[in-house]
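To start, the structure itself, in structure tokens.
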Amino acid sequence: MYATLRPIVGRAAIETETGPGATFQALVDELTARWPDLTREFFNADGELHTGVHILLNGRDIRYLDGLATIIPPDAQVRIFPPVGGGSNSFYHVDTAVDAQPIINDYYGVPLWLMKEYLLDLGADEITPDLMTGSGWRAALRKAEPRAIGSLRVGGVTAEFTGEPAALDALFGQLHVKTLRGGG
């Protein structure tokens, strides 16, 4: 367990009853039953695995295998990483309705100055200290309310996006990579 997950379970490594032959869904079910606070860290409101949570099997993200249906092999080394290196607390779904509301994302672990750099790298212009515009989109930025998990407090930036759905989809795909990898 890494970063914000470690205070919840109380240590870096844990042993589970779920083992070889079971699915990762069974493993996650066991973990959330033992430590209910992991539920909010692993899943969104719809019960889907957060995009920022990475469960690695022998170094490979299970999303690129069979997801939570992946069978745990006998030689499994499992590592679970929460989205503390950046990323968003919401998913990148763009409403295509003409009167769509702005999309508001909190990027924890990404300071305001760094978010501006990311957006500039992705073709934005800085209109004011808190407003960036790109081709078909704009983002209003402000410091996010710090998030506390146990004794850990993580700051970040809140970004309110508006624009054309296709432009926002393209932006979010690139921005997601930058925020998760600390610069892309």
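Could you count how many residues in region 131-161 are surrounded by 14 or more Cβ atoms within 10 Å (Cβ to Cβ) and out of contact with any Gly (no Cβ under 7 Å at 6 or more places or on another chain)?
Residues meeting the conditions: 14.
I'd like the full set of residues that are of a type in the set (Ser, Thr, Tyr) and touching a Phe, Trp or Tyr at 6+ places or on another chain (Cβ under 9 Å), limited to region 19-47.
Thr32
Which of the residues spanning region 148-164 are under 27 Å from His54 (Cα atoms) and at pLDDT 85 or above?
Arg153, Val154, Gly155, Gly156, Val157, Thr158, Ala159, Glu160, Phe161
Yes or no: Phe24 modelled with pLDDT under 90 and in contact with a Leu (Cβ under 8 Å, 6 or more places away or on another chain)?
When the stated conditions are applied, Phe24 does not pass them.
Return yes or no: is Leu119 at negative phi and touching a residue at least 24 places away in the same chain (Cβ under 8 Å)?
When the stated conditions are applied, Leu119 passes them.
I'd like the full set of residues that are in contact (Cβ under 8 Å) with a residue 60 or more places away in the chain and polar (S, T, N, Q), limited to region 122-157.
Ser151
The values are calculated or read from the model by the stated rules, or taken from the named source; none is laboratory data. Please read all numbers here as calculations on a predicted model, not as lab measurements. Cβ: placed from backbone, ideal geometry, glycine included. Neighbour counts: every protein chain shown.
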